[in-house]
Every structure is written in C-alpha cells, then in structure tokens.
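One structure is given below, encoded as structure tokens.
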Amino acid sequence: MWPGELLKRLLPYLFLLIAVSPCHAESERGGTQGLDAARERGVALARKGRHEEALRILRPLLRAHPDNYPLQRDFIIISSWKGDCNAALAEFARIKRPPQLETYFIPPVADCAVKRARGGDYDAGLSVLNELLQYQPDSYPLQRDIILITIWKGDCVAALDRFERVRGATELEPYFVVPVSDCLLDRDRPKEALTLVRAGLERHPDDPALQHAQIKAAVELKVDDNYDDERRVVIFELASDTTDQGLREWHSRAEFSAHVAPRTRLYTRYLATRSDDAQFSAGDLDRAGVGLRHWFNVQWMIDQEFSTDVRHGGRAGSATKVVYEPRDTWKYVAAYASLAEDDLPLRARANGVEASHWQGSAEYNSLDYVWYWYGTVNDYDFTDGNRRKSLFTTVGYAYEMLPHREQRVYLEWYQSRNTLDDAPYFNPGRDRSLGFVHRTDFVFDSRYKRHVDSLYLTLSDYNQDDFGSHMKWSVKYEQDYDFDDAQSLLWGVAYAANVYDGARENEWRAELRYVKRF
Amino acid sequence: MRLFGWAALLWLTAVGAVQAGDIPVLAYHDIAERHGADEFAVPPKEFRRHMQYLRDQGYAPISLQQLIRAGDGQGKLPDKPVLLSFDDGLASYEKAALPVLQEFGYPSVLSIVTAWVDGRATPDQYRGRLLNWDDLRRIKASPLVEIISHSDDLHHGIRSNLQGNLAPATVTREYREVGGRHESENEFRARIHADLARSRARMLAELGRTPLAIAWPFGDYDSVLAEEAASLGMRYYLTLDEKPTSLQTLPCINRSTFRKYRNLQDLDDILTFREARNRQLRFVEVTLDRFAGKSAAEQEQLLSALLARLELLRVNTVMVAPFSRDRRKAFFPNPRVPVAADVLNRVLHQMRARIRIERQYLMLPATPGSAPAREVYSELARLNRFDGVVFSGDVDDAGLEQLISVFRYHNPAVRIGVPLGSAAKSGVDFYVARFEAALRGEVIERQTVAALQASHPVYFILDRTEGEPDDDLLRAMRAIRSGGARYYGYSNDDFLANAPAVLRIVPELQAYVARGAGK
C-alpha cells in the first residue's frame, strides 16, 4: 500500500472515528466507564500522532481486559498507525470475531496484512485478508490485495480466478494492473492482458509501468499470434471432392495480403472451382475479390470484402465478417455473404441457383487444450425460393495428452431444414445426425518447428425425414507442418461413406493449404 | 587440452541429436501442489505420471552406484538409463516421492543441506518442511536411496558486489564492505573446505557414512569446489548444467530441473534433451559506456531501462562488453585497467535474477589495452559469473589456451568463442561471424551459408550503425535466417531510444529457423 493512498484511505475513517467515536459509543453503554475513559484518552493521544503514549495506556488495560473488543480494536488500529503490524496482527488473531467489524477497522488491519505479505509471509497476509473479506465480501481493495499477494506467492492460476470477481472494477491502479497482466501473459492469455493494460492506460496514460506492460503484451501477441503482422502473406488452398452426389469438383483459392496500416491488412483473392463433368460447367466459378481486415483492438475485427465473377460478369458480391474475442479462450463470429460461393452445392450453381448466407458461430478452447466446443448456425436464402437453416455443434475432450500423442473424442450434433420440396441439389426437408469422432494426433520431433499428423475416425447416425436413419462413417488422415515461423503446409485425404436420400455414397476428399509469409 | 576437448564435445552434444550413451538426470525439488512461491515444485499426481511415463517409454532408472561402477568399467548400464535426484532434503521426498519410487522399484539420490537438517540455518520458507536426522536414518535403510551432500551451509546467497546483490555462496567471492574488497582466493578456499568438511562430518555422525557425491547448491561450481569436495571423498558432483551426462563426463553429473512445470512435455523435453537441442540463441550486444561517470541512482535508472528493454526483446542471451568502447576503462574492479564504473557484476546479476537471462557472454579483446590479459581476466573470472566469453581480434592457439585456462578454472562449463577465421582452434566451442546489417541481403545470405561450413557452431552478429533504418536490420535478419543461421543477434542496441523499434524487431529476432538448416 503506497503511503499516499494509505493516507487517502485512512482519512475518511479517521474522520469517522472522530465523528462517530466508537469509544464514546462503548463508554455510553455504562458499566465500564473508567475503562472507556482511559481508552478514550489513548485514542485521543493517538489521533494527535502520539501513538506510543496511547499504546502505553492501552497495554495494561488490555492485560486486565484481554477480551474487551473495543479495547482490542483500538489497540490494533493504533498499532497499525504506529507501523507495528506484528502487534496489530497478533492482537487481531486473538479477537473473538463479532458478527460485524466496523468499516473503519478493516483498512488498518488489511494494510498490516499486506505489509506482512510483503515481508514474505504470504499465507499469513492472505489469511487475515480472507477473514476481513467475510465482513466485506464486495470490497474491491480487499480483493485487489488478495490477488496481489497471491501473485507474489507465485500462484497465477488462483490469482486470475479471483481476478474474475473484480474484472469490471474501474480503479485499475498500475501497481495492480501490471502484475495481473504479467500473470495473464504467463497463462497464455495475451489478448486479455493487452485489453486490461489498455484500459489501465486510459485511466493512467502516463504511467511508465503500464506503457511497458502494453508493449510487452503487444510483443507477445505479435510474435506468438501474428497479431498486426507486418509481413506479406500468401495463402494457397486446393481441394478436390466428390461430395456432391459423386461429382468430382475442384476448388482452389489463392490470397495475397499486405499490412497497409496499423492493425489493417488489404487482401486480394481468387477463387476457382471446376467440375470434372462438362455438363455441370455452368457451376464453375472464377471469382476475384478485394477486401480489408481491420482490428479495432485485440477483441474486435471486421473483414469487408467485395468480389466479382470474372467468368460471368456482373455477379458482384460482398461479404462481411465480424469477429469478437472477449477472452483468449472464446471467439464469436458473425458473417454475411450476399453470394455464397464454393459452399453452395455444385448442382445448385450449375442450375443458376445462388444464395445469400448468414452465419453465426462461437468457439471455446480451454487454456490447457483439454476442452473444446464449437457451435454454428447458418441460414442460406436461395434464389429458387429455398431457405436452409442449419445448426452444428461439437464438444471435444482430450483424454490423453502425451508428448508424442494426443487423443481426443468429440460428440457432434447437426440438423438442418430446407423449405423447398424439390430442388436440383441435395435438399432434405429435415435431417439430423449425431456423431462420434475420435482424433489421434501424432506429434513428431522432426526438423521442423512442429509437425503433427492427425487421424480422424467418425461414426454417426444420420436421420433424414422420409428416408429413415442410417449409419455414416468416415476416416481422414492429415499432416500439418509448421516448417518455421514463415511457412506452413497442411494436407489431408478423407474417405466417407455417406447417405443421401437413403442411398449410400462413397466419397473421397483431398485438401491442401499452404501459407507463406514474406 | 583434454579438458578443452571434452568441453567442446559437451557443447556439441548439448546442441546435437541425442547420442547413444547420453544419460538424462532429473533434478526434482519439492513434490507438492504448485500453490506457492516454489517454482521448482512438481505436483504429486504429476510425479506419479512421470514414473509411469518412464516405464511406458522404456527408461530404466539407475542408482548413483550403478553409474559410478559403469564409469569405472565395472558394469554395464541398461538401455535408456535415467538417474533421479531430489535436492534440498524436503519432507515431501519421503511422503510423496519415496512411496511411488518404491512402488516402481526405482532408485534415487537425495541431497541434503546438513545445516538445515540440524536447524542451524534453515530458511524461513523451509521451516517445518524438511526431513530430520531420524527421517534420514529411516530413509537410508532403503537400498534404493543414496543420500549425498548438498553442502553444509552454502545453499544461500552472499554479497557479491558493491551494490549489495546476493549470489550463490558456493562460487561467489564475498564482497566485504569493511575495506571494500572481495574475499581472497585463500579465504574462499578455506571457507569452502570448512563447509564441505562440516557437511561430511555431520553426515558421518548422524548417518554413519560419508557422502560419495555432492549436489552443488544452485548447480554452480568451480575448480576450487571440485578439488575440495574430492579431497573430502566427494569425488562425484551433480550440477544443473543443461548438458547430457555420460560415462565420459564423470565425475561431473549434469542434471536438468523443472521450472514452472506444466505437463509431461516438460519431462520428455528433458529426457530427450529436445529443448536444449532445439534452442536457438537470440542475443543483443550490450555496452556499458552509458554507466560511466554516473551517480549510483542514475546507474540504477539506466539498469532498469536496460532490463526493461531486454525483457521486451525476449532475447535468451546477452553479450556484454566489460570494457569501454575505446578499451581504456573497465566496468569491473581489477588491478590494472582503470575502472569507469563498477557495474558489471550487478548488471549480470540483475539480468539473471530479474529477467531470467540465463546465457551471458562477455565480449573481450584478446589483449585488454597494455595490461597483462591473464592478470585482468583472472580477476574478471574470479569476481563474476558468466556463461561464455567471445574474444575479438585474432588469437593464436597458445594465447587462447592460456586465457581459457583462466576462465575454466572459475567456471569449468564456460564456453569459448573466437572470430570466424581465427587462427586459434583448440578449446573453441563456437565461432562468431559479424556482418554489417546494411549489406545486401543476398551477400549476407551467401556469406552465412559459407560461414556455416565451419567445424563449430557459428554465432552471427549483425552490426547495426546508429541511425540506420530498422528495415536494413530486418532484411539482414531474414537473409541470415535464409542462410540457415540458428544463433544470431545484433549490436548497438540503443535501449534508451527504442532503436531499433521493439515491435518491429522482435518478430524477426525471434523467428524460428528449421533445425538442420545450419549448425
């Protein structure tokens, strides 16, 4: 506790002490008038700064009346004013706890507890503060001091758990914000650290410790998460599948982006899809787009893109995506595309059917990578009058995390509904599936920064109105290489035994994604 | 010469692939939930998982006696041997670790600080948490446990400099305010001998046998300690150097410990030496000229600014010049070169203590002005703890050998670097190549590829000139990485003017280079 703040904090209580005078209140109860008068004399001396004289009066009284609460209380307060926290806390430990503690009594005891913790006896300090907290459960200063001592003790996990209780507090003292931010960084929560520090800087813009903490968090995000990356980036994706009733289709997408302003990237992209079957060539796409991604801060990002069909001129489209990441563990996305692209079935495109697409999603990743949850709702508005609404959610759990192997299970639920009865593309009136996925990651100690192979095995029960329930299964193998900080490659191949309108179909899919930063 | 050869071998194995014969040695401390200030603690549940993991992965924990016998050629070690050790003599060893070790049938080594067991100098944080002599006598009865010394009372800090920093009592020549001088070598040796003799005597008296090894407190040791311990029968010593142990490194047994333990990956990193092998050094060169002629308060402000800067740069290595740029003045007390400011010890100490920079190298001229190098460097090595030295200028084998012996006497694990192309070869652990950051990228990349043909690892330093655009340095770093450099940094960092700009330089400075691209 800083002296200035201590004084500021104590002044109202001093005033209260004088105005309300608990010593008076006690004395007026009668019966112990001599004792109260002596105590009162001591308090009066203490108020004048003559602490030792006051204590000389109170000590013998306390020896004679060891369980006299007002005497104990005033002795503790005056000892604290004098800076003798050992005496104050020793006496505090003796007090038989009353149902209430006077509000002016709590700060001097709390200050002594902090002082003791500063001396290295963290547990003793915490024990006193936790006791005080029972009398003032909503006290911000008490919570703050407990959090600080817990951090000094080296327990960031417990400190951050408790920090949740005061997250909305507006005081944001630099001496509090900086260690909490360090803890957040220690626990791989850089976005929250930067958000907290920036809030602190709004209140204390010239504080050098906060300024340093801000750069530290920003560096962490930049290095580990590529936040506000200044490098140019090329992304190339290629996929081939037979998911549209056995028709092989090729999808490729290339994107180039550059840092054009702080937290802003400009990008251009080209998308091409091709069908192996010439009769569906009308569904082929060649779309070029240009867009801007801007991060307002680490929590909010907007992506606005405009695109046009370079094959069939005039089919312009726009896509907007807003991403909100309030915590390092949570991510929410809302997106709208006036023209759905390769997520539209080939047969729909080949028949001139287009769609707009709304999407909302939420994702959770626990900090220890054990738990995962994802949920998304989608709404396609087709130009043939069909309206498709779908929901997908999955929850994952890592039941084994060994250095060379991680194993996870996922439970998935999917359901959709289409409003048009007959459509040239797969268009179930209502369907749903419950799936179980097993994923094994093989982590290799290769020459690269990271190399993981993943094997997915999926089994699900699929139910389509009018066609009953069928089992579906799939297997997928994937390799993911982070060669270094600038290059990564992911490729995979999958086989699925699917069911459409009651008929089983075997499908293959292969995909590749390459990212290069310059 | 043989010593230098071994040191070079050690370095290579530290960064090379796991070699047949490498023996991982784990150093545990408290086995307790990590809800305390002890960042070395491993939770009990995790400890059990460790033992299970060792079994699942086919590791065979060995005893210290087994290791020593194999070293003496009297036995063979099993495949995948591992040695388990526990420092400090904490009660959790008996309560949490030993039952699990016994269940698995694994031997272990327990090191004790005899003054703590006696209650003569127990630190506050260890009160009530240590084994006593009765406990130890009970534990000693187990054939699976070897109890060794962890010193009598050297497991604490003593004053190492004018400014009052505390450094390990094992290797620090104590700074005495009275007279303003450091402990002499004779005084130091006598103190060490007395301590180790007391530890041996107490263990003999209480446990009925003398220790055959010692685990150095904080892992730090020098030749004086090794000699004194050996003279008292403690021929084998356990360090915390992050290098593999093998039969050839005996009597030195290097260990790795857990710091801020997170998960099994940490254990596997130690067992496979992966972390050490994959570590890429990133550094800045720091000069201390700004500290000259400043008051103590101003020096503290400068030091704070320097530490804050290094923390933001996230470098894991710092190269410090202990002489002024013109080499006429020194930043450490010595008998020959005028002292500009006695700050080196404090700067090194604070870098290690406050921002955890574990690798500190000194940039040294082969000849410090007109003063005799041996005399000046002997004092430098005696009073300061650092991990390596980099000689500038051309050094021949004979001259280098003399200098290396000075530094290795005080720190046997110290690493030696010389300029690439230098005539000196023996005892060298790495080369240093310097490029001007303003050179064209293709030139830097080409020269990097050529430099990496050298017989030892190469550290690349990009010389940045004042006022040079940051883009030059960024481009140079990309080029040096394209060439395969895994150890690189730059000079002339202006920590007061944020030059180069932190947010621009750090991503390039910290970028990972695929292993195998270069040494």
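Nothing in this text is a laboratory measurement; each read-out follows from the coordinates by a stated rule. Small disclaimer: the values here were computed from a predicted structure and weren't measured. We place every Cβ from the backbone using ideal geometry, glycine too, and count neighbours over all the protein chains shown.
So how compact is chain A: Cα radius of gyration and Dmax in angstrom?
33.0, 108
Given charges of +1 on the Cβ of Lys and Arg and -1 on the Cβ of Asp and Glu, with all other atoms neutral, how large is the dipole of the range B:376-454 about its Cα centre, in debye to the nearest 20?
Charge dipole, the range B:376-454, about its Cα centre: 200 debye, nearest 20.
Fewest to most neighbouring Cβ within 10 Å: what's the order for A:149, B:214?
Final ranking by Cβ density, sparse to dense: A:149, B:214.
Could you work out how far apart the two model spin labels at residue A:278 and residue A:188 are, taking each label as a point 7 Å from the Cα in the direction of the beta carbon, and quote it in nm?
5.4
Treating the beta-carbon of each Lys and Arg as +1 and of each Asp and Glu as -1, no other charges, what is the dipole magnitude of the protein assembly as shown about its Cα centre, to the nearest 20 debye?
Rounded to the nearest 20 debye, it is 2380 debye.
Compute the signed sum of charges (Lys and Arg +1, Asp and Glu -1) over the other residues within less than 11 Å, Cβ to Cβ, of residue A:501.
Here the charged neighbours net out to -3.
Identify, among A:68, B:107, A:238, the residue whose Cα sits farthest towards the positive end of the charge dipole of the protein assembly as shown, taking +1 on the Cβ of Lys and Arg and -1 on the Cβ of Asp and Glu, with the dipole about the Cα centre.
Projecting each Cα onto the dipole axis, the largest value belongs to A:68.
Could you put B:138, B:235, A:265 in order, starting from the residue whose Cβ has the fewest other Cβ atoms within 10 Å?
Numbers: B:138 12, B:235 15, A:265 20.
Ordered from fewest to most neighbouring Cβ atoms within 10 Å, B:138, B:235, A:265 come out as B:138, B:235, A:265.
With just the Cα atoms defining each centre, how far is the range A:38-109 from the range B:85-145? Give it in Å.
Using only Cα atoms to place each centre, the spacing works out to 44 Å.
Can you give the calculated 222 nm mean residue ellipticity of chain B, where each DSSP H run of n ≥ 4 adds -39,500 (n - 2.57) and the sum is split over every residue, rounded to the nearest 500 deg cm²/dmol?
Mean residue ellipticity, 222 nm, calculated: -11000 deg cm²/dmol.
State the antiparallel share, in %, of DSSP beta bridges confined to the range B:290-436, rounding to the nearest 5.
Values: 1 of 17 bridges.
That works out to approximately 5 percent antiparallel.
So for the protein assembly as shown: antiparallel DSSP bridges make up what percent, rounded to the nearest 5?
Around 75 percent of the beta bridges assigned by DSSP in the protein assembly as shown are antiparallel ones.
Just add up the charged neighbours of residue B:465: K/R +1, D/E -1, any other residue whose Cβ is under 10 Å from the Cβ of residue B:465.
Cβ neighbours under 10 Å give a net charge of -4.
If I take R0 = 22 Å and measure r between the Cβ atoms of residue B:339 and residue B:402 in this structure, what FRET efficiency does the formula 1/(1 + (r/R0)^6) give, to the nearest 0.05?
0.40
Quick one: helix A:33-47 against the long Cα principal axis of chain A, what's the angle to the nearest 10°, folded into 0 to 90?
The angle comes out near 60 degrees.
Kirkwood-based Rg over Rh for the range A:291-384 (C-alpha set), two decimals?
Rg/Rh: 1.07.
What is the order of B:234, B:51, fewest Cβ neighbours within 10 Å to most?
B:51, B:234
No solvent, one uniform scatterer per C-alpha: report log10 I(q)/I(0) for chain B via the Debye equation at q = 0.07, 0.08 1/Å, two decimals.
Scattering profile of chain B, log10 relative to I(0): -0.40, -0.53.
Identify, among A:260, A:488, A:58, the residue whose Cα sits farthest towards the positive end of the charge dipole of chain A, taking +1 on the Cβ of Lys and Arg and -1 on the Cβ of Asp and Glu, with the dipole about the Cα centre.
A:58
Could you tally the net charge around residue B:167, taking each other residue with its Cβ under 11 Å from the Cβ of residue B:167, Lys/Arg +1 and Asp/Glu -1?
The answer is +3.
Quick one: divide the alpha-carbon radius of gyration of the protein assembly as shown by 2.2 N^0.38 Å and tell me what you get.
Here the answer is 1.10, to two decimals.
Return a whole-number percent for the relative contact order of the range B:387-519, with Cα pairs under 8 Å and 6 or more residues apart as the contact set. List each step's numbers first, then the result.
Details: 210 pairs, mean separation 27.2, N = 133.
Rounded, it is 20 percent for the range B:387-519.
Using alpha-carbon positions, what is the distance between the centroids of the range A:492-518 and the range A:237-260, in Å?
Using only Cα atoms to place each centre, the spacing works out to 11 Å.
For the pair residue B:52/residue A:363, report the inter-label distance in nm, with labels modelled 7 Å from Cα in the Cβ direction.
3.1
Sort out for me the Cα centre separation of the range A:153-189 from the range A:404-429, rounded to whole Å.
Cα centres, the range A:153-189 to the range A:404-429: 41 Å.
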